[in-house]
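This report refers to the structure that appears directly beneath it.
The values are calculated or read from the model by the stated rules, or taken from the named source; none is laboratory data. Remember, it's a predicted structure, so these values are computed and weren't measured experimentally. Because the Cβ atoms are built from the backbone with ideal geometry, glycine has one as well, and the counts that use them run over all protein chains shown.
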Amino acid sequence: MRAAFAAGVFYFAIVFAAGFVLGAARVGLVAPAIGEMNATIAESPVILAASWFACLAVLRRAPVEARLAPRLLMGAVAFALMIAAEIALGLGLMNRTPGAVLREMASPPALVGLGGQVLFALFPTLAMVARRR
């Protein structure tokens with residue numbers, strides 16, 4: 001399980017870095033032109049593809065067993081870190097209050113993002129299932 005935990009941390013770090021860059025482009029360039037929701041929808045397949053390939057890359061390097069519990073743990077660790085990082089960014093970098101961060105997380109574009117994050121969390125398990133076929 002230690003390998004699954006470490007892989008989850010590494011998986012999070014890769015996807016967070018990609019998401020940070022994509023998010024900055026979405027907020028600074030795309031959203032002003034087409035709106036926040038459309039920008040989020042446009043970004044989703046890109047970050048999901050990056051997440052999938054990051055997941056596969058981590059799994060090639062990390063000895064995470066191809067069993068349900070370790071794969072779910074890897075995804076859960078990555079997901080928890082992603083949510084914590086988003087909250088920390090909202091509080092620190094964007095200087096928002098906790099209430100404002102929670103309200104933002106309940107907005108329609110954020111809920112689209114949350115759906116993507118759930119898929120991101122499931123990718124280690126889905127990779128295991130896909131490999132068995």
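If you filter segment 91-103 down to residues that are over 15 Å from Gly113 (Cα atoms) and surrounded by 13 or more Cβ atoms within 10 Å (Cβ to Cβ), you find that the one that is nearest to the chain's Cα centre (by Cα) is Leu91. Evaluating Val118 against the criteria (1) closer than 23 Å to Val9 by Cα; (2) of a type in the set (A, V, I, L, M, F, W, C); (3) surrounded by 13 or more Cβ atoms within 10 Å (Cβ to Cβ) leaves one unmet condition, (3). Of everything in segment 1-21 that is surrounded by fewer than 19 Cβ atoms within 10 Å (Cβ to Cβ), at pLDDT 95 or above and of a type in the set (A, V, I, L, M), the residue that is nearest to Val64 (Cα to Cα) is Ala3.
When segment 45-78 is examined, which residues are found to be in a helix (DSSP H, G or I) and in contact with a Leu (Cβ under 9 Å, 6 or more places away or on another chain)? If you could, list the steps in order and put the result at the bottom.
Step one: of segment 45-78, the residues in a helix (DSSP H, G or I) are 45-61, 68-78.
Passing the criteria: Val46, Ile47, Leu48, Ala50, Ser51, Trp52, Cys55, Arg71, Leu72, Met74, Gly75.
Within segment 62-90, the set of residues being in contact (Cβ under 8 Å) with a residue 24 or more places away in the chain and under 14 Å from the mean Cα position of the chain (by Cα) comprises Met74, Gly75, Ala76, Val77, Ala78, Phe79, Leu81, Met82, Ile83, Ala85.
Residue-by-condition table, conditions (1) among the polar types (S, T, N, Q); (2) on the phi < 0 side of the Ramachandran plot; (3) at pLDDT 95 or above:
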| residue | (1), (2), (3) |
| --- | --- |
| Pro45 | no, yes, yes |
| Ser51 | yes, yes, yes |
| Arg67 | no, yes, yes |
| Gly75 | no, yes, yes |
| Phe79 | no, yes, yes |
| Ala88 | no, yes, no |
| Leu93 | no, yes, no |
| Leu102 | no, yes, no |
| Ala106 | no, yes, no |
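Is one or more of the residues making up segment 99-110 out of contact with any helix residue (DSSP H, G or I) (no Cβ under 9 Å at 6 or more places or on another chain), over 19 Å from Ala54 (Cα atoms) and in a helix (DSSP H, G or I)? Before the answer, list the steps.
First, the residues of segment 99-110 that are out of contact with any helix residue (DSSP H, G or I) (no Cβ under 9 Å at 6 or more places or on another chain): 99, 103, 106.
Then keep just the ones that are over 19 Å from Ala54 (Cα atoms); that gives 99, 103, 106.
This time we only want the ones that are in a helix (DSSP H, G or I), so: 99, 103.
There is at least one residue in segment 99-110 that is out of contact with any helix residue (DSSP H, G or I) (no Cβ under 9 Å at 6 or more places or on another chain), over 19 Å from Ala54 (Cα atoms) and in a helix (DSSP H, G or I).
Here segment 111-133 is the region considered, the condition is being touching a Phe, Trp or Tyr at 6+ places or on another chain (Cβ under 9 Å) and among the small types (Gly, Ala, Ser), and the residue that is farthest from Val58 (Cα to Cα) is Ala121.
Looking only at segment 40-59, count how many residues are without any contact (Cβ under 8 Å) to a residue 40 or more places away in the chain, closer than 21 Å to Glu104 by Cα and buried (at least 17 other Cβ atoms within 10 Å of the Cβ). Step through it out loud before you land on a result.
The initial filter retains those residues of segment 40-59 that are without any contact (Cβ under 8 Å) to a residue 40 or more places away in the chain, namely 42-43, 45-46, 49-50, 53.
Checking which are closer than 21 Å to Glu104 by Cα leaves us with 42-43.
If we keep only those that are buried (at least 17 other Cβ atoms within 10 Å of the Cβ) too, we end up with 43.
Qualifying residue count, segment 40-59: 1.
If you go through segment 4-61 and pick out every residue that is out of contact with any helix residue (DSSP H, G or I) (no Cβ under 7 Å at 6 or more places or on another chain) and under 23 Å from Leu72 (Cβ atoms), you end up with 7.
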